[in-house]
Every structure is written in C-alpha cells, then in structure tokens.
Amino acid sequence: MEINGQAVQEAAQAGSVQQKRKREKGFTLIEMMAVVIILAIVGGVGFVAVNNQVEKSRKSSDAANIKVIVDAAQQYYLDTPNMTSTTGASADWVKTNLVPGYLSKEPMDPWEKAAYKVTIAARTAGTSDGTITVESPHTGGADTVTVTLSK
C-alpha cells in the first residue's frame, strides 16, 4: 500500500509542477499593463525634453538670423552713401537689398518660414547716423533689435 500512496503523492507533485510551468509560460494582464504604463511615462518625459530642446534651438536660430541681418545691413549702410529710409516695415528689403551681395540667401523665421521685417531710418541731413530695426515675424515684435548705424 505504501507504494500506491507514494505513487499518488508523486503524481500529485508532477501535476503541481505542470501547473507551475503553465503559469510561468506567459505574462499576466497586470504585468503587461504595468509595462505599458511605464513605457508611456518614459515616452512622455522624453517627448517633453525633446520638444523643449527644439524650441530652444528655434529661439537661438531666430536670434542668430537677426544678428546676421543686422550685420549685413550695417555693411550695406556703409557701402551705400545715399541710402534712404524705408516706408514702414518691409519684409522684402532683405531680399531686394542684401541678397546676393551681402547674404548668400535670405534668413527665414525658424517657426513659420516667413521673412524678417526690416525698417531703416537713414541718416538725415547734417548727421551720419541712422537706425535699422529687425523684427522677427514669429514673436510679433517681442524679438526686435534696433541698432544705431554710423559711418
């Protein structure tokens, strides 16, 4: 009898091992949901970090474009003794006066790919000073640089 009792006990243990193996083959729904939630959190944090860097690079590109336009306009101012004032802000002034002589191509706003607005107040009779104002189209005047030009 003891042999039969031992056989029954071994059979029960074998069945228990098979049940454990069946449970260990896959992942539970809770485990899968936990992984998906963790991946979503990591992805969200990464997206915010990348988006902030893209915005920073656009701002620095905008500032660099304004500086390039101001530098080219200063050179144009020195080379053009009879320069006159522009009437209001002109988005075409850079393209018509600075390209290709002073710039290889017209700098464009990194957000909207629009032209920068340039206003020139040329020297008046008896003075050698004038001003140039460059305005970013994206910021609506918040990123405006005015430089006094003198010969």
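The values are calculated or read from the model by the stated rules, or taken from the named source; none is laboratory data. Quick caveat: nothing in here was measured; it's all calculated off a predicted structure. Positions of Cβ are generated from backbone atoms using ideal geometry, with glycine treated the same way; all protein chains shown enter the neighbour counts.
For this structure, a couple of remarks:
- Single residue of segment 38-92 satisfying the filter (closer than 21 Å to Tyr116 by Cα, among the acidic types (Asp, Glu) and surrounded by fewer than 13 Cβ atoms within 10 Å (Cβ to Cβ)) that is modelled with the highest pLDDT: Glu55
- Annotation note: Cβ proximity below 9 Å between a residue of segment 18-34 that is exposed (fewer than 10 other Cβ atoms within 10 Å of the Cβ) and a residue that is at pLDDT below 60 and outside any helix (DSSP H, G or I) (sequence gap 6+ or interchain) occurs for no pair.
- Scanning segment 93-125 for residues being buried (at least 17 other Cβ atoms within 10 Å of the Cβ), assigned to a loop (DSSP other than H, G, I, E, B) and at pLDDT 75 or above gives a total of 7.
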